[in-house]
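Notes for the one structure printed next.
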Amino acid sequence: MSAIEEIYQRLLAGYGHQGWWPLLDCKGTNPTKTGSVRGYHPGDYSYPQTERQRFEICVGAILTQNAAWPNAEKALLNLKSNGMLSPHAMQRAGDDTIKEYVRPAGYFNQKAKKLRIFAAFYLSLRGVVPARDGLLKVWGIGPETADSILLYAYGIPEFVVDAYTRRILISKNIIREQATYGEIKALLERELRKDYCIYQECHALLVEHAKRCYARSQYGEDALLKGLSSGEECTKKPRCHRYI
DNA sequence: AACCAGGACGTGA
DNA sequence: TCACGTCATGGT
């Protein structure tokens, strides 16, 4: 079993199904999670079930860029309660209106602009699934946001690499510190079965584990992944031993 | 009261 | 390519 596969198995056994991506109108909760527990649907990979939910996930992916989810969620609620959680409404709305709604998510000037540009792009799709390079050409959509949209809004097996994933894999000596987004993504997609459910679950589990054990200032035990066999990708010792 | 969160873009070497 | 500055609110 590869190191990646072992990480996935251990985290799933330890934490259980995470139920990503969170949705505002989703009844389910995940009590095992840290932080916000609302909107998750553990073990149910049938979301999004409506076009509105699909768009909500896209918007959430932009709003959560370098921001804590509860803050992005507040912005999402503002948009929804003002009828702005649809691509048409978002495109029509004035810039200042959107800015006021997304303020809690931070970077409100940039994110308001990103949302209106994305809304136009989303409408131009007319229901067609976007290509990854198409998404990347949209201003405000980088690699992680593109993969989040594809994986969680469209159920396409594109692994999402975030700062947490990178931090865990570096500390486990599985990748080098300079590893690029594409390298990490390729590694995970090589080691895991190409299945959007597994990609979603694995990414969510890595985030949950990192929140518990790999926070910058306060770090925990990492008992679940103790003594993990390091992959052959890199033999260099990790520089930061705090994370082990 | 700093520090940081589920990044992306613009710029200059 | 790549390292670095910028964008901004809210929780710990």
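The values are calculated or read from the model by the stated rules, or taken from the named source; none is laboratory data. Quantities reported herein were computed from a predicted structural model and do not represent experimental measurements. Neighbour counts are summed over all protein chains in view; Cβ atoms, including those assigned to glycine, are modelled from backbone coordinates with ideal geometry.
Filtered by the rule that a residue be closer than 17 Å to A:MET90 by Cα and either among the acidic types (Asp, Glu) or within 12 Å of DNA strand C (Cβ to nearest atom) (or both), segment A:60-72 gives A:LEU63, A:ALA72. One residue alone among A:ALA67, A:ALA61, A:ALA75 is within 16 Å of DNA strand B (Cβ to nearest atom), under 19 Å from A:GLN200 (Cα atoms) and either among the aliphatic types (A, V, I, L, M) or in the same structural domain as A:PHE121 (by TED's automatic domain parsing) (or both), and that residue is A:ALA61. One residue alone among A:TYR196, A:TYR219, A:TYR214, A:TYR243 is surrounded by 18 or more Cβ atoms within 10 Å (Cβ to Cβ), at pLDDT 55 or above and of a type in the set (Ser, Thr, Tyr), and that residue is A:TYR214. As for segment A:111-122, it holds no residue that is touching a His at 6+ places or on another chain (Cβ under 9 Å) and either loosely packed, with under 14 Cβ neighbours inside 10 Å or not small (Gly, Ala, Ser) (or both).
Does segment A:141-181 hold any residues that are of a type in the set (A, V, I, L, M), away from DNA strand B (no atom under 12 Å from the Cβ) and under 19 Å from A:TYR47 (Cβ atoms), and which are they? Answer for segment A:141-181, where residues must be of a type in the set (A, V, I, L, M), away from DNA strand B (no atom under 12 Å from the Cβ) and under 19 Å from A:TYR47 (Cβ atoms): just A:ILE156. The set of residues in segment A:133-157 being in contact (Cβ under 8 Å) with a residue 40 or more places away in the chain, away from DNA strand C (no atom under 15 Å from the Cβ) and either among the β-branched types (Val, Ile, Thr) or touching a helix residue (DSSP H, G or I) at 6+ places or on another chain (Cβ under 7 Å) (or both) consists of A:SER148, A:ILE149, A:LEU151, A:TYR152, A:ALA153, A:GLY155, A:ILE156, A:PRO157.
Considering each residue of segment A:32-55 in turn, none proves to be free of Cβ contacts under 8 Å to residues at least 12 places away in the same chain, among the hydrophobic types (A, V, I, L, M, F, W, C) and over 29 Å from A:LEU205 (Cα atoms). In segment A:40-53, of all residues being away from DNA strand B (no atom under 14 Å from the Cβ) and not in a loop (DSSP other than H, G, I, E, B), the one that is nearest to A:LEU115 (Cα to Cα) corresponds to A:ARG52. Residue count for segment A:167-218, restricted to those that are touching a Leu at 6+ places or on another chain (Cβ under 8 Å) and at positive phi: 0. Between A:GLN65, A:GLN91, the distinction of being at negative phi and part of a loop (DSSP other than H, G, I, E, B) belongs to A:GLN65 only. Condition check: more than 13 Å from DNA strand C (Cβ to nearest atom) and under 22 Å from the mean Cα position of the chain (by Cα). Does A:SER81 satisfy that? The answer is no for A:SER81. Looking across segment A:78-87 at every residue that is in a helix (DSSP H, G or I) and in contact with a helix residue (DSSP H, G or I) (Cβ under 7 Å, 6 or more places away or on another chain), the one that is surrounded by the most Cβ atoms within 10 Å (Cβ to Cβ) is identified as A:LEU79.
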